[in-house]
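The values are calculated or read from the model by the stated rules, or taken from the named source; none is laboratory data. Because the structure is a prediction, the values reported are computed rather than measured. Here the Cβ positions follow ideal geometry from the backbone for every residue, glycine too, while neighbour counts run over all protein chains shown. What goes into the accessible areas is simple: the full protein's heavy atoms, side chains included, and nothing from ligands, DNA or RNA. Shrake-Rupley method; radii C 1.70, N 1.55, O 1.52, S 1.80 Å.
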Amino acid sequence: MSDLGAITLPSRLKHAAAAVRMVLRTALDLALPPLCAACREPVDGKGLCPACWSKLSFITRPYCERLGIPFVYDPGPGILSMEAIADPPAYNRARAAVRFDEISRALVHALKYGDRLDLAPMMGRWIGQAGRELLVEADALVPVPLHWRRLWARRFNQSAVLAAAISADSGVPVAAAALKRVKPTAQQVGLSRPERATNVQGAFRVPEEGKTAVAGRRLVLVDDVLTSGATVDGCARALLRAGAANVDVLIFARVADPGRTSI
Ligand SMILES: [Zn+2]
């Protein structure tokens, strides 16, 4: 857990407080049975109960090689979705571990708002499996940054926590200082697709101290949820402007209407 995003001195105190809470929680866990992150029933191991586990929807091929949107039928190798051709993203390829649904939403919320940092290794492992092809070519992972005000309020960046978990499995380092959110954007929830794109315009920048980690590098952005893709697209644009050689995207859960193939 060495890479928790852009850690400033005051936020270190918050991280210390979070660490203390984690220790207390661990002590408490020894006394209480762990709960399923989705339905809160007691579970034997960690994470999800068997019923919730069976409802998780992992994304596997066939999917659009560019966007990672699952296809309902196999159109053959290398076929792109209509979405990828009509509105190509700034990034090269995106992969997600699971579809965004009731169960994956519960996992994301437990990680983000419920201090269930114990879920990160499991979620990171699933993301790493979905993005194996991207990771073998990657120089570094770049978590989608939070604006410092939100980082302050939440104490940690869930994308940085997931990136650290992926890094632990894959050995690909995290470039935590590569990207900064310079504009406090409104929550994307409830915004239309064009509104989302406008909302993140100019929101991300590669700071002076991040430039060497970006120029000429093959980078993989990491985020928890992908809805319209506007956020990772904004991040990818900033990284490419700073000279990144390639930008791919790894997501835990994506909103996935079945993709329409290009033929
Ligand atoms: Zn459950």
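Only one of the numbered conditions (1) assigned to a loop (DSSP other than H, G, I, E, B); (2) touching a Cys at 6+ places or on another chain (Cβ under 9 Å) is not met by ALA177, and that is (2). Kindly evaluate PRO77 against the criterion of being over 19 Å from the mean Cα position of the chain (by Cα) and within 16 Å of the ligand (Cβ to nearest atom). In short, no. Taking the range 82-102 as the range and being of a type in the set (Gly, Ala, Ser) and out of contact with any Gly (no Cβ under 6 Å at 6 or more places or on another chain) as the test, the residues that pass are ALA84, ALA86, ALA90, ALA97. A Cβ distance below 8 Å, combined with a sequence gap of six or more or placement on separate chains, defines the contacts here; from the range 62-89, residues that are more than 20 Å from ARG196 (Cα to Cα) and open to solvent by 40 Å² or more (accessible area, probe 1.4 Å) reach residues that are outside any helix (DSSP H, G or I) and among the basic types (Lys, Arg) in the pairs GLU65/ARG93; ARG66/ARG93; ASP74/ARG61; LEU80/ARG66; MET82/ARG260.
Scanning the range 91-110 for residues that are in contact with a strand residue (DSSP E or B) (Cβ under 7 Å, 6 or more places away or on another chain) and either open to solvent by 40 Å² or more (accessible area, probe 1.4 Å) or more than 12 Å from PHE58 (Cα to Cα) (or both) turns up TYR91, ASN92, ARG93, ALA94, ARG99, PHE100, VAL108. Considered as a group, the residues in the range 161-174 that are small (Gly, Ala, Ser) and part of a helix (DSSP H, G or I) include one that is farthest from GLY114 (Cα to Cα), and that residue is SER170.
All conditions in (1) open to solvent by less than 30 Å² (accessible area, probe 1.4 Å); (2) of a type outside the set (A, V, I, L, M, F, W, C); (3) in a helix (DSSP H, G or I); (4) touching a residue at least 60 places away in the same chain (Cβ under 8 Å) hold for ARG237, with the sole exception of (1).
SER167 meets all of the listed conditions (1) out of contact with any Pro (no Cβ under 9 Å at 6 or more places or on another chain); (2) open to solvent by 10 Å² or more (accessible area, probe 1.4 Å); (3) farther than 24 Å from ALA230 by Cβ but one, namely (1). Picking from residues in the range 31-47 that are farther than 26 Å from VAL72 by Cβ and near the ligand (Cβ under 8 Å from one of its atoms), the one that is most open to solvent (accessible area, probe 1.4 Å) is ARG40. Of the residues making up the range 118-160, those that are surrounded by fewer than 17 Cβ atoms within 10 Å (Cβ to Cβ), of a type in the set (A, V, I, L, M, F, W, C) and closer than 19 Å to ALA19 by Cα number 2. Determine if the range 50-57 includes at least one residue that is closer than 14 Å to ARG99 by Cα, within 15 Å of the ligand (Cβ to nearest atom), aliphatic (A, V, I, L, M) and modelled with pLDDT of 90 or more. The answer is yes; a qualifying residue exists.
Among the conditions (1) under 17 Å from TRP126 (Cβ atoms); (2) assigned to a helix (DSSP H, G or I), VAL225 misses just one, which is (2). Looking across the range 107-130 at every residue that is small (Gly, Ala, Ser) and out of contact with any helix residue (DSSP H, G or I) (no Cβ under 8 Å at 6 or more places or on another chain), the one that is farthest from ARG66 (Cα to Cα) is identified as GLY114.
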